[in-house]
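Taking it in order: structure first as structure tokens, then the write-up.
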Amino acid sequence: MFARLGRWCHDRRWIVLALWIVALVAGFAISGSLGTESESDPSLPGESQRGIDILEDAFGGAGAGQSGSIVFRADRPVTDPEVREPMEALFAEVARIDGVIVATPYDEPQAPGDPGGAVRISTEEPAGTIAYAEVEVPSDYSFEEAAAVAEDIRPLIEEVDAPGVDIYLGGGTFAEFEEPSSEVLGLGFAIVILILAFGSVLAMGLPIGVALFGIGLGTAIIGILSNVVTIPDFANILGVMIGLGVGIDYALFIVTRYRENLHHGLSTRQATAVAIDTSGRAVVFAGATVVISLLGMILMGLSFVSGLAIGAASVVAVTVVASITLLPALLGFAGNRVEITRWRGLVTAGLVALALVLIGLGVPSGVSLALLVAGIVVLVLGFFVSKLRAEVPMRSRKTPEQTFSYRWSRAVQHHPWRSVGAGAALLLVLSIPVLGLRLGFSDEGNYPEGTDTRIAYDLLAEGFGPGFNGPLIVATRLPEGTDPAVLERITTGLTAAEGVAFASPAVTNDPEDPTAALWRVIPSTSPQDEGTTDLVARLRDEVIPAAVGDAALDPAVTGSVAFQVDFSTYLASRLPLFFAAVLTLSFLLLMVVFRSILVPLKAVLMNLLSIGAAYGIVVAGFQWGWLGGLFNFDGAPVEPFLPMMMFAIVFGLSMDYEVFLLSRVKEEWDRTGDSRESVANGLAATARVITAAALIMVFVFGSFLLENDRVIKLFGTGLAVAVLLDATVVRMLLVPATMELLGDRNWWLPRWLDRILPKVDVEGHLDVEDDDPDAADEPEKELLGV
């Protein structure tokens, strides 16, 4: 089937290309006409969500939405008329923005016991010079909608005429955020790495072209699916990142096999059919492992996580389809010219790569545009200038035995125990910090110094104490006939609790006939501090139950910090199930594919080692702060969703490399029956493509360190380290060493199990017949002729 598909797409390349272009255009047209519905604010079963529901029902959503703040410092008391009048005018303008609720430092008390806006004016020395207004938007606002509100507020702040007053827009909801440009930087590095690795512009361009088609159609599908399932705002960013990685990986693997087939004397048509029938099969099953890994996130039981998984898995699935349909069509256009590179193409590709790298680094766009224009000029001149039309001398091809990878494999196989011991010890040592992993959300104190968000955070900590940046809210419904003395006891208990800097009196929703009450509690520690997490647990388990006693009240500790604590706890409790499901399904799939028990078992264990080492480096670098001085951030907990996302992505990519390597080893084993030689030959045949693919991923993910956001830095570091360790320590050391130790037992499978497992051939066939030898095999003369 795969061979026939490869030949069909090769022979009808114009039709296939046209169908992909139509699908791409139609996808974006449908997505544009339907619009996108994104979600960034997750709902969560638990106490904090119950408290949010009380706030929304009884207090009109006050305290339940996404909030930020307008923080200001004056050179005199903020109650001075010269400060108060322009600031009140600003707050009135902000309150006119649709959906915005503003609570100002100048508000009058709304109920008995409510101190009004006085709580928003600092009491620390110098007293009364720092104040803030709380700005709240609805909880169902998407990231883009909240960002639009921030963009409406900033010009209003700039227009305030109040000498001696500095004003900042603070809070994570309104934080300055620039979409990562790392994928552009990664694309530039990919061009350079592929040209250096393969010495051919076309061999470089085909994988990138397939990846871009897959990303484009996959992104359109995410937009369409967002109207059916809850998909978070950042699903597109994740989809582009994963699509770029797997798209280049898959196409690169097939193109490498295609070129190898040409070297063996096959026609371009036969070479395409064999490449799709061998490497194409491996790509399909590698893609299946990635999809399984991503869809495993559905087990977390949160709608926005499920949407993220479905969106990313859709991009991967589309990329796999592009690799086995669009790529053979493009190979039909390229033909034998995939082995030829002219100076015009090489210079143009270099200029384009440099332009993309500069764009990713934030260099002024004029420079990058000039480089792109220069590339176009060189390409055009290349059709007229003989020196630019000349071919770049190709490097001499080496036999497998002459390659470094073959010699390395032999060296490892001669000392297998030492290799296994050294590799396992390194990964285990790097994994040790995982034992101290603390899941939680970092606060705005980790934003780069000089940003409005960081300055506003520091001012609030200075004027009101560190806990003011993460207030807790205690909310309860009041059954008819509730004794007011119970509310007093709760106030007293909250005020006296260890770790509480301030607790407000009870505020009811209706002074005449109250049905709900709330208290605002300010911790003595910052939002990300472990003491604040402990305080949430202490209030729920000890302080509030003791104060309520036998009364028919069930207060809920809520607010953004409590919600984050519950979110972290919930995800941590679901991670074992997620890990177990993904590992089990991947093991079963690999067992079916490779007809072995030990090979998939080793693959799962070694991938766990590399991911564990990456987790360890993340904990040491970001939680303990070892990398903070180098990359400008402070130590903070690891965001609870990152281990899940890192596992899904890295495990999928690791399994890609595992399938690519082992499918070739199995192919050699079936051909020769020599376990030692099959490992060396398989490694020699795939090491270059795996190394190139891994380097691209390391550069793509590693470039995230150039972003301002700490979470993006953390995410990129974890992914880059995991891929690097997997492609080096695991693929180049542990795999050949363990396969040498096990020998023929690598492929052992009990007979009874062999009979019941479905037959799946991942290696394909090297002797694919050309069922139509008269089919056109000459590609178009100048198309893709770089």
Inset, instruction - Taking all protein chains together and a probe of 1.4 Å, list HIS415, HIS264 from the most accessible to the least accessible. - result: HIS264, HIS415
Legend entry - With Cα atoms, 0 to 90° folded angle of helix 201-225 axis to the chain main axis: 40 degrees
Legend entry - region 536-645 - charge dipole about Cα centre, Lys and Arg +1 at Cβ, Asp and Glu -1, debye rounded to 20: 680 debye
Inset, instruction - Pick out, from ILE292, VAL592, VAL650, the residue whose Cα sits farthest towards the positive end of the charge dipole of the chain, with +1 on the Cβ of Lys and Arg and -1 on the Cβ of Asp and Glu. - result: VAL592
Inset, instruction - Check the chain and count each lysine pair with an alpha-carbon distance under 24 angstrom, considering only pairs eight or more places apart or from different chains. - result: 5
Inset, instruction - Roll a 1.4 Å probe over the protein heavy atoms and report the accessible area of SER431 in Å², nearest 10. - result: 20 Å²
Legend entry - Residue-level accessible surface for LYS759, protein heavy atoms, 1.4 Å, Å²: 150 Å²
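With a 1.4 Å probe and all protein chains kept in place, how do TRP408, TRP752, TRP519 rank by accessible area, largest first? Mind dumping the intermediate values first?
Working: TRP408 90, TRP752 150, TRP519 0 Å².
Final ranking, largest accessible area leading: TRP752, TRP408, TRP519.
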Inset, instruction - Kindly report, to the nearest 10 Å², the accessible surface of ARG710 as traced by a 1.4 Å probe over protein heavy atoms only. - result: 10 Å²
Legend entry - J(HN,Hα) series, region 564-573, from Karplus relation 6.51 cos²θ - 1.76 cosθ + 1.60, nearest Hz, glycine and proline x: 5, 4, 5, 4, 4, 5, 5, 5, 4, 6
Legend entry - For region 450-526, with +1 on Lys and Arg beta carbons and -1 on Asp and Glu, the positive-most of TYR457, VAL474, PRO484 along the dipole: TYR457
Inset, instruction - Among (1) 3, 12, 21, 22, 17, 12, 8, 5, 1, 0; (2) 2, 8, 11, 12, 10, 9, 8, 8, 7, 6, 5, 4, 2, 2, 2, 1, 1, 1, 0, 0, 0, 0; (3) 2, 11, 18, 20, 20, 16, 10, 3, 0, 0, find the value of P(r) over Cα pairs in 10 Å bins from 0, in percent that was calculated from the structure presented, and write down its label. - result: (1)
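Calculated from DSSP H runs of 4 or more alone, at -39500 (n - 2.57) each and per residue, what is the 222 nm mean residue ellipticity of the chain, nearest 500? Present the calculation step by step, with values, prior to reporting the outcome.
On the way: 28 runs with 457 residues, N = 786.
Taken over the chain, the calculation gives -19500 deg cm²/dmol.
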Inset, instruction - Mind pulling the angle between the C-alpha long axis of helix 404-414 and the longest principal axis of the chain? Nearest 10 degrees, somewhere in 0 to 90. - result: 80 degrees
Inset, instruction - Please find the FRET efficiency linking TRP626 to LEU426, where r is the Cβ-Cβ separation and R0 is fixed at 22 Å, and quote it to the nearest 0.05. - result: 0.80
Legend entry - Protein accessible area in region 566-710, 1.4 Å probe - carbon and sulfur %: 67 percent
Legend entry - In degrees, nearest ten, helix 81-95 long axis to first principal axis of the chain (Cα): 50 degrees
Legend entry - Unit charges on C-beta of K, R, D, E only; dipole of the chain, Debye: 5380 debye
Inset, instruction - Could you please put VAL392, VAL638 in sequence from largest to smallest accessible area, using a 1.4 Å probe? - result: VAL392, VAL638
Inset, instruction - Under 15 Å from a label point 7 Å along Cα→Cβ of LEU605: give me every residue in region 574-593 with its amide N that close. - result: 587
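The values are calculated or read from the model by the stated rules, or taken from the named source; none is laboratory data. What you see is a predicted model; the values in this text were computed from it and never measured. Cβ coordinates were reconstructed from backbone atoms using ideal geometry, including for glycine residues, and neighbour counts include every protein chain displayed. Just so you know, the surface numbers come from the protein's heavy atoms only, side chains and all, with ligands and any DNA or RNA stripped out. Shrake-Rupley method; radii C 1.70, N 1.55, O 1.52, S 1.80 Å.
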